[in-house]
Amino acid sequence: MPNLVELTMYQISQLFLLPTLALIAGLFLYAFWVLGEFALLAIYRRQGKGRPLVTQFRQNSRLTADELDLLAHKELENPRIASRVTPMLGLVATMIPMGPALKSLSDGNLAKVSDNLTIAFSAVILALIAASITYWVVNVRRRWLAEEMLEIEDLRNAPRGAQA
């Protein structure tokens, strides 16, 4: 009976390899998309534009601080999730091929060991690169949004005629 349970768990885990690798590939591409958006936003910010919270506030000055905070969280939600989930997927993609690699090692098939370890380490490297990019972008953008919140407070406290 334990053999059946172990075999079933092994087979189920193997089913997750391709979806996990596909997710890592997608998140890797998404990380570069986020990096491109970040670079564009940085250029806009240098030109005095690219401040989404300030823009929202200028369109609707009745927005409360909590509503602006919610908008800021929405701005960062997807890259933040990507920065947290991608390393976990990298670990999953590392561990799944380890079973077949160890089995191949015990069978003396070093070519299969090499193939499985190549998959495992390639997946974790791509996942960590993607996570690093999105983590960095999220942290810098979080600071930018905090600066915007301070700018909005200054706009709220400015005399009525001084708001531009």
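Zone of Asp69 (label point 7 Å along Cα→Cβ, backbone N under 12 Å): which residues in segment 113-151? Under cut-off, by backbone N: nothing. Between Ala39 and Arg84, how many nm apart are label points set 7 Å from Cα along the C-beta direction? Label-label distance for Ala39 and Arg84, simple model: 2.8 nm.
Largest first, the extents of the alpha carbon coordinates of segment 72-119 on the three principal axes equal 55, 13, 7 Å. One quarter of the surface of the convex hull around the alpha-carbon atoms of the chain equals 13.0 nm², the direction-averaged projected area. Between Thr55 and Lys112, full extension at 0.36 nm per residue minus the direct alpha carbon distance yields a gain of 14.9 nm.
Across segment 42-57, computed HN-Hα scalar couplings (Karplus, 6.51 cos²θ - 1.76 cosθ + 1.60, θ = phi - 60°) run 4, 5, 4, 5, 5, 8, x, 10, x, 10, x, 5, 5, 4, 4, 5 Hz from first to last residue, x flagging Gly and Pro. For segment 94-111, putting each phi into the Karplus relation 6.51 cos²θ - 1.76 cosθ + 1.60 with θ = phi - 60° gives couplings of 7, 6, 4, x, 5, x, x, 5, 5, 5, 5, 5, 5, 7, x, 9, 5, 5 Hz, in residue order, rounded to whole numbers and with x for Gly and Pro.
Please work out the Cα convex hull volume for segment 10-92 and give it in Å³ per residue. Could you put the intermediate results ahead of the total?
Working: hull volume 9.0 nm³, N = 83.
Hull volume over Cα atoms, normalised by residue count, gives 109 Å³.
Where a number appears in this text, it was derived from the coordinates with a stated rule and is not lab data. These figures come from a predicted structure and were not determined experimentally. Cβ: placed from backbone, ideal geometry, glycine included. Neighbour counts: every protein chain shown.
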